[in-house]
Amino acid sequence: MAICHWLVVFFAFFGIARALKATEGDADPIYRGCVEHCQETGCVGSHQCFQHCIFTADGNISDGRWYLQEPLYLKWKQWDCHSDCRYYCMLAREDERRKLGENPVKYHGRWPFRRVYGIQEPVSVSLSALNLAIQFHGWISFFILVYYKLPLTDKRKTYYEYSGLWHIYGVLAMNCWFWAAVFHSRDLDLTEKLGYSSAVALLGFGLILAIFRVFEIKREASRVMVSAPLIAFVTTHILYLNFYALDYGLNMKVCLTMGLAQLLLWAIWGRVSQHPSRWKLWIVVFGGALSILLVIYDFPPYWDFVDALAVWHAISIPLSYIWWSFIKDDAEYRTLILLKKAK
């Protein structure tokens, strides 16, 4: 719930930053001159040169021998001449700024990070992978709980009315964190769209699930009536972003509207319900609300690796664990109530 909301907020704010194309770093004439010189000569300074940046008159690599061309893992990452020139000119310019006592600046909407084995933001990738692992652990432990530890009906079905919905949520959450890791690994149009799409899908389904649980909607007909328009809206929005226009401003409005609606539902329900584990819900809500300030503050990366977003990813790990703990407590709570009624 809240974790999903903050993840989509990140994509929304990042999109706005990307929309403001010219940031201070890429507007720097020294940086721009370095990139132009690199693309013409294949070198940054006198020592850093790239074989794949040296072209013949017909546009081919000057020495086409296979063992002098780009390694396969770099080709997979699409670190081409243009990308490498930008990256190494950025590092060179930041070294100059550091010697002059100046603070880091953004280049093309992003802070200057150092690659590790071709990975663009290694710390955020690692933390996204840990979040993925936590989501998997939460989902699989929930599955074991409802099917092997709690009583089942005579038809071998769970008493908990929302178990199937939480299984879908778990799959969408794992998918979302997987593409978040890929996006941090390499920022391309494809990975950006997949990151946005998976986050919006998770947020939309999270809103549907929140409505079902808060208002205790159990009848299939009622669930279809509630979910159909929301599913249609989310699907249309994802198709619009992918095949018409990646409108960052529109996406931010859509995400914040669905996210705030979801957050408000859980917050009010946590206040008025007598659920024994509502304190866990409050921890996730308030913890997520505080952690989003890190993304808004958006400080430059320490040691060229750890920025505000990486810290937020680290905070989301225990919050995700607590969130799945609440879901499992809810399954036990509802099962106990239904068993008492059955007797």
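Using the Cβ-Cβ distance between LEU260 and GLN48 with R0 set to 56 Å, the FRET efficiency from 1/(1 + (r/R0)^6) comes to roughly 0.75. Using r as the Cβ-Cβ distance of LYS99 and ASP247, and R0 as 41 Å, what FRET efficiency do you calculate, to the nearest 0.05? The calculated FRET efficiency here is 0.50. Close amide-amide hydrogen proximity is noted between PHE299 and ALA308, each under 5 Å apart and 5 or more residues distant or on a separate chain (H modeled in the peptide plane; Pro and chain starts excluded).
If I take R0 = 22 Å and measure r between the Cβ atoms of PHE233 and LEU188 in this structure, what FRET efficiency does the formula 1/(1 + (r/R0)^6) give, to the nearest 0.05? So the FRET efficiency works out to roughly 0.20.
Taking 0.36 nm per residue of sequence separation and removing the Cα-Cα distance, the TYR297/ALA27 pair yields an extension gain of 95.0 nm. Can you bin segment 115-243 into rounded, prolate or oblate? Criterion: square roots of the alpha carbon gyration tensor eigenvalues sorted a ≥ b ≥ c, rounded for a/c under 1.5, prolate for a/b above b/c, oblate for the rest. It comes out oblate by the Cα gyration axes. Taken one residue at a time, the phi angles of segment 257-266 give Karplus couplings (6.51, -1.76, 1.60, θ = phi - 60°) of 5, 5, x, 5, 4, 5, 4, 5, 4, 5 Hz. Gly and Pro are set to x. Centre-to-centre separation between the Cα atoms of segment 97-138 and those of segment 252-269: 28 Å.
FYI, it's all coordinate maths here, none of it is from the lab. Treat the numbers as computed from the prediction; the structure is a model and nothing was measured. Neighbour counts run over all protein chains shown; Cβ positions are idealised from the backbone, glycine included.
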